[in-house]
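**Student:** Just passing along the structure, written as C-alpha cells.
Bear in mind these aren't lab numbers, they're just calculated from the coordinates by the rules spelled out. Keep in mind it's a predicted model, so treat the numbers as computed, not measured. Note that we place each Cβ from the backbone using ideal geometry, even for glycine, and neighbour counts take in every protein chain shown.
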C-alpha cells in the first residue's frame, strides 16, 4: 500500500509530498519545499515517527518553491536525487531568483539521476512511471502510479487550474497539449496531487477546469 502525507511549506504555500510503501517503509520526498528550521523539523519528525527510510528525492520541476529543501534532504538522508535534464539550468538560476524574492536559499546539489519516461520508479512494492509534461517549465514531469490511480502533477495541472506559463521556458499551448494528451488520457478516477492547493481527479478537471472550456 502506498501512503501519502502532504506538507504545505514556505512562503509560496507549496505542497511537499512524502510517500512510502507500507510493507518496506521505503519512502520518497516529492518536491522538497521545506524552507526553514521549523518546517525541516516537522518533516524530520514525521519521518522518524513512521520509521521511514528516505530512498528518493524527486523534483517534478526545478522552480525555487519546489527545491528549497533539496540541499538539506540530500545531506541528511542521502537519497537518490532525481530531476529533469531540461530543468537543470534552473538549479543555478534559482540562486538569483531567491535574491529577487528576498528569501533564503541554499543552492541545490545536482541530481544523481535524470528522470526518464522509459524507466519505472520503484518504491517498495509500488511501481510508478514518469510522464513528460512540459509547458510550465521545459522539463516538468508528473509521477503516476497506475495500480494506486494516483498522479503527482507538480505545477502542470491544479484543481480547476493549470500552472503559470509566463516564467522563463514556459509555454501556454505546450502546457495545454501536455495536459490533454498525457494527463487527460489517464483513467478518470485517477487522483491528482498538485504542487499547490488541494487534490482533485482527472474526471473533475476534464469536466470543470475552465482552461479547457474556452
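**Student:** Based on the mean of other Cβ atoms within 10 Å per residue, sort peptides 94-104, 46-56, 196-206 so the most packed one is first.
**Tutor:** 196-206, 46-56, 94-104
**Student:** Percent antiparallel among DSSP beta bridges with both residues in the stretch 2-212, to the nearest 5?
**Tutor:** Here the antiparallel bridges make up roughly 65 percent for the stretch 2-212.
**Student:** At 4 °C and a viscosity of 1.567 mPa s, what translational diffusion coefficient does Stokes-Einstein give for the stretch 2-212, taking Rh as the Kirkwood radius over Cα pairs? Give it in µm²/s as a whole number.
**Tutor:** The estimated diffusion coefficient comes to 76 µm²/s.
**Student:** Taking only the alpha-carbon atoms of the stretch 161-214, what semi-axes of the equivalent ellipsoid follow from 5 times the gyration tensor eigenvalues under a square root, in whole Å, largest first?
**Tutor:** In descending order, the three semi-axes are 19, 13, 10 Å.
**Student:** With only alpha-carbon atoms counted, please give the Rg and Dmax of the stretch 1-127, in Å.
**Tutor:** Computed over the Cα atoms of the stretch 1-127, radius of gyration and Dmax are 14.0, 44 Å.
**Student:** Also, I was wondering about something else. Kindly provide the helix-only [θ] at 222 nm of the chain, computed as the sum of -39,500 (n - 2.57) over DSSP H runs of four or more divided by all residues, to the nearest 500 deg cm²/dmol?
**Tutor:** Mean residue ellipticity, 222 nm, calculated: -6500 deg cm²/dmol.
**Student:** Tell me, what is the percent relative contact order of the chain, built from C-alpha pairs under 8 Å that lie six or more residues apart?
**Tutor:** The value is 16 percent.
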